[in-house]
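S.K.: Please read through the structure below; I'll follow up with questions.
The values are calculated or read from the model by the stated rules, or taken from the named source; none is laboratory data. Predicted model, so just to flag it, every value in this text is computed and none were measured. So basically every Cβ, Gly included, is an ideal-geometry build from the backbone, and we count neighbours across all protein chains shown. What goes into the accessible areas is simple: the full protein's heavy atoms, side chains included, and nothing from ligands, DNA or RNA. Shrake-Rupley method; radii C 1.70, N 1.55, O 1.52, S 1.80 Å.
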Amino acid sequence: MSEEVISRSGLSSATKPRCSFAGLPIEIITQICSNLCLHCQLDHVVDAPYDQVAAGMADQIALCRLSKCSKLFRDIAQPILFHWYHGMEMDDYHLQLIRLSSFVLPILRQQHLAASVKALSFSEVADPSASYAGLDHREVRNRTLVDPEGLCAKAAEQLGGHLERRKVIFNTRPTVEVLQEIALASSPNLSQVALHRNHAEGSQGYSWVAWEYDMPNLTYLAFPGHPFIEDRNYSPDESTMHLQEAMKMLEHAPNLRTLIAPDCPGDDAIAVFAEYLRGSLPWDVKLPNLKKLSLNGLMAIQVQEIVNHCPVLEDLEFYDHMYYTPRGMLTPELLGPVASTLRRLCYSVIPTTPDSGYWDTDDFNFDTQFLPGSWLYAEFRNWEDCKGKGLDFSSFPGLGELELEQQVLYGDLFFEKDANSELATSPSEFLVRIPKSLRRLRVGCVNYWPVIFRDLRALAEDRAQFPKLKQVEVEVFRTPPEAQCRELVEAFSKAGIDLHVSYVVPVDRSRGLLPPRPGDPELERSLVVYDS
C-alpha cells in the first residue's frame, strides 16, 4: 500500500485541497467580522446594557487582533472595528483620555475610518483633579500629552466654529470633552449617539451648548442621565443638564427619529430654568422627523412646547417625577398637536422605588382604596387635571398602545365618596376613555383591585367596541384573589385577548412605567401564579 494516506474522499493527503480562513470569500469574512460587531447586531448599540457592552468590547479586541494579521484582514476588519465606540464608566480621567484618544486619532489620520463610524457612546467625564492628585506639574503634562502630532488642533481648524476658536487652548493636550466633540463633528455617517453631559451653567460651560456642526445622518440621540454604577448611589434630584441646553445640537440633526432624555431637570438646572420662567428661552427647535420622544424631569408644559414642534411624533414616553406638586399634568389637551399622529403613549407619575411608600400598608389597602388622611390620598386630591373622570384619550384616533397608572386613568373618581357607598366609578366611565383603535393596554400601579377587576371584566364582555385590542397588562402590588384573577383570564381568553397580570417591580432608579435609562439592565417582571 502506498505510504500516502488515502482519504475517505479518495484523494491523497498530497492532492487534497487545503482550506484556510484567508481563503474564504470576502463576503463570508466580512459577515464573520460583522458577527463580532455589536453595532451590527443591535438596532441601538449606544444604550445597550452593561453586560452586552462588555461582551461587545471583548469581540472588538478580537477584531483588533484580526486586523493586525494581514493587509486583507485589516482592510475588512478595521472599518467594522470603528463602527462604534463606548466610553464605559471610568473613575480615572487619565484612562478616559488615553482610551478615547486611541479611537479619535486614527479617524483623524484616515478619512475612510471616520466614514466608518456609526455609533458613539460617551459616558460621564471623570474628575481630572482626582486622576492627577499627587503628581507634580511635569508629570501631569506628560500624562496629558495624548496628541503629539497636533491632529486635534488641525481637525479643529478644518472644522471651524467654536472648536477652531478653542484650538489654542488644547493644542497637543485635548481634554476628554474636546476629543468627544471632535469625534462627533468628524464622523459624517454617524447615526447613533449617547452623550452624557452635566449641567452647563447657561452657555458658559461645555461648548456643545453652542454646537455648530451638521449631523445629517443622526437618527438616534440619547442623553443617558444619571449613569448606572453598582454600589454607587445618585440622588434623584442630582442635576445632569436641562434639555434646552441641547437645542443647538438638535438644530443640526434634522433627520433625528428618536430622542431619549432622562434626568433633564426642569428646576435643577437653575440658570436655564430661570430664563425659561422669564420667557426669554422658548423652545424653538423644529424636529420635523422625530418619531419617538422619551423624557423625564421636565414639566408637562415644557413637554407640550417640544411636542408642538414634532409634527410626525408617534411614540411618547413621559415620566413626571414631580407628580407630588399641584401642577398641571400631561392632559390630552396638551397633546392636541399630535393627537392624530400618536401611536403609543406611556405616561407615568408614580415612582416605584422601594422607599416610595407604596408598599406601606398604613397608606393604602388593596381592598378598600386609599385611606382618607393618608399622604397618598392628599397628594392625588391635589391633581386638578385629574378631577372628574381621569385622563381621557378616546379622541386619539390612531393610538394603539396606552400605558397609564390606575390612579391617572381613574382620576378623582378613584376615591370613594363615602366609606359605605358604592364605587364612585362605573364600567361605562372606564370604557368611554379607551380609544377604539387600541391594540395594547397597560394599567400600572394597581393598588385597588376591585375596580380594575370589575372594569376589565366589562372590557372583555364588550370586546366588540375594541376590535383591534390584542393584549392587556395589569401590574399589581399584591396578589389578587385567585378566583377573580382566573375569571378574568377566562373572560379575556374567550374574547381573544391576551391578559397578563404581574407584580410591580421595585427599582431604585425608577422611571415609573417607562423603560430603564439607557444602559441600565432590563427589568424582569414576575407574573402572578397560583398553586394548582
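S.K.: Under 8 Å between Cβ atoms, at least 6 apart or on separate chains: pull out the pairs that start in the stretch 41-67 with a residue that is touching a residue at least 60 places away in the same chain (Cβ under 8 Å) and end on any residue that is open to solvent by less than 50 Å² (accessible area, probe 1.4 Å) and part of a helix (DSSP H, G or I).
M.R.: Every condition considered, the pairs that remain are V45/L38; V45/H39; V45/G56; A48/L38; A48/G56; V53/L38.
S.K.: Just a yes or no: is a residue in the stretch 468-476 in contact (Cβ under 8 Å) with a residue 24 or more places away in the chain, more than 27 Å from the chain's Cα centre (by Cα), more than 20 Å from S340 (Cα to Cα) and buried (at least 21 other Cβ atoms within 10 Å of the Cβ)? Walk me through it before giving the result.
M.R.: Applying the first criterion (in contact (Cβ under 8 Å) with a residue 24 or more places away in the chain) to the stretch 468-476 yields 468-476.
Cutting the leftovers down to more than 27 Å from the chain's Cα centre (by Cα) gives us 468.
Filter once more, so that each one left must be more than 20 Å from S340 (Cα to Cα): none.
No, every residue in the stretch 468-476 fails to be in contact (Cβ under 8 Å) with a residue 24 or more places away in the chain, more than 27 Å from the chain's Cα centre (by Cα), more than 20 Å from S340 (Cα to Cα) and buried (at least 21 other Cβ atoms within 10 Å of the Cβ).
S.K.: Looking for something closer than 21 Å to D51 by Cβ, touching a helix residue (DSSP H, G or I) at 6+ places or on another chain (Cβ under 6 Å) and modelled with pLDDT of 95 or more - is there at least one such residue anywhere in the stretch 85-104?
M.R.: Within the stretch 85-104 (the criterion being closer than 21 Å to D51 by Cβ, touching a helix residue (DSSP H, G or I) at 6+ places or on another chain (Cβ under 6 Å) and modelled with pLDDT of 95 or more), the answer is yes, since at least one residue qualifies.
S.K.: Of everything in the stretch 445-463, what is among the hydrophobic types (A, V, I, L, M, F, W, C) and modelled with pLDDT of 95 or more? Give them in sequence order. So that I can check it myself, show each step before the final result.
M.R.: Pass one, the stretch 445-463, residues among the hydrophobic types (A, V, I, L, M, F, W, C): 445-446, 449, 451-453, 456, 458-460.
Across the stretch 445-463, the qualifying residues are L456, A458, L459, A460.
S.K.: So in the stretch 161-185, with the set limited to residues that are out of contact with any Phe, Trp or Tyr (no Cβ under 9 Å at 6 or more places or on another chain) and closer than 18 Å to D214 by Cα, which one is most open to solvent (accessible area, probe 1.4 Å)?
M.R.: Applying the filter and picking the extreme gives R165.
S.K.: When the stretch 489-532 is examined, which residues are found to be hydrophobic (A, V, I, L, M, F, W, C), open to solvent by less than 60 Å² (accessible area, probe 1.4 Å) and more than 21 Å from L402 (Cβ to Cβ)?
M.R.: Kept after step one, since they are hydrophobic (A, V, I, L, M, F, W, C), are these residues of the stretch 489-532: 489, 491-492, 495, 497, 499, 501, 504-505, 507, 513-514, 523, 527-529.
Next, from what is left, pick out any that are open to solvent by less than 60 Å² (accessible area, probe 1.4 Å): 491-492, 495, 497, 499, 501, 504-505, 507, 513-514, 528.
Matches in the stretch 489-532: V507, V528.
S.K.: Now for a separate question. Within the stretch 220-251, restricting attention to residues that are open to solvent by 20 Å² or more (accessible area, probe 1.4 Å) and closer than 21 Å to W84 by Cα, which residue is modelled with the highest pLDDT?
M.R.: The extreme case among them is P224.
S.K.: Confirm whether T425 is outside any helix (DSSP H, G or I) and more than 33 Å from the chain's Cα centre (by Cα). Reasoning before the result, please.
M.R.: Numbers: outside any helix (DSSP H, G or I): yes; more than 33 Å from the chain's Cα centre (by Cα): yes.
Yes: the conditions hold for T425.
S.K.: From the list R509, R478, which residue is closer than 25 Å to D47 by Cβ and assigned to a loop (DSSP other than H, G, I, E, B)? First the steps, then the outcome.
M.R.: On the way: R478 fails: closer than 25 Å to D47 by Cβ.
Result of the check over R509, R478: R509.
S.K.: Quick one: R486 ticks every box in (1) open to solvent by 40 Å² or more (accessible area, probe 1.4 Å); (2) within 29 Å of P351 (Cβ to Cβ) bar one, so which box is it?
M.R.: All conditions are met except number (2).
S.K.: Could I ask something else about it? What residue, among those in the stretch 87-129 that are among the hydroxyl-bearing types (S, T, Y) and without any contact (Cβ under 8 Å) to a residue 12 or more places away in the chain, is surrounded by the most Cβ atoms within 10 Å (Cβ to Cβ)? Break it down into steps so the answer makes sense when it comes.
M.R.: In the first step, residues of the stretch 87-129 are kept if they are among the hydroxyl-bearing types (S, T, Y); the result is 93, 101-102, 116, 121, 123, 129.
Keeping just the survivors that are without any contact (Cβ under 8 Å) to a residue 12 or more places away in the chain gives 102, 129.
On the way: S102: 11, S129: 8.
Across the stretch 87-129, the extreme among qualifying residues is S102.
S.K.: Further question on the same structure: Taking the criterion of being in contact (Cβ under 8 Å) with a residue 12 or more places away in the chain and farther than 22 Å from D91 by Cα, would at least one residue in the stretch 134-148 satisfy it?
M.R.: As a first pass, look at the stretch 134-148 and keep what is in contact (Cβ under 8 Å) with a residue 12 or more places away in the chain: 141, 143-148.
Restricting the remaining residues to those that are farther than 22 Å from D91 by Cα gives 148.
Yes; the residues of the stretch 134-148 include at least one that is in contact (Cβ under 8 Å) with a residue 12 or more places away in the chain and farther than 22 Å from D91 by Cα.
S.K.: Here's something else I'd like to know. Keeping to the stretch 142-160, report how many residues are part of a helix (DSSP H, G or I) and either touching a Lys or Arg at 6+ places or on another chain (Cβ under 8 Å) or among the small types (G, A, S) (or both).
M.R.: Here is the first cut: in the stretch 142-160, the residues part of a helix (DSSP H, G or I) are 142-143, 151-159.
The next check asks that each one be either touching a Lys or Arg at 6+ places or on another chain (Cβ under 8 Å) or among the small types (G, A, S) (or both); those that pass are 151-153, 155-157.
Qualifying residue count, the stretch 142-160: 6.
S.K.: Here is a further query. Within the stretch 24-43, how many residues turn out to be crowded, with 18+ Cβ neighbours inside 10 Å and under 25 Å from A194 (Cβ atoms)?
M.R.: Restricting attention to the stretch 24-43, the residues satisfying the condition of being crowded, with 18+ Cβ neighbours inside 10 Å are 29, 33, 36-39.
Pick out the ones that are also under 25 Å from A194 (Cβ atoms) and you get 33, 36-39.
Of the residues in the stretch 24-43, 5 are crowded, with 18+ Cβ neighbours inside 10 Å and under 25 Å from A194 (Cβ atoms).
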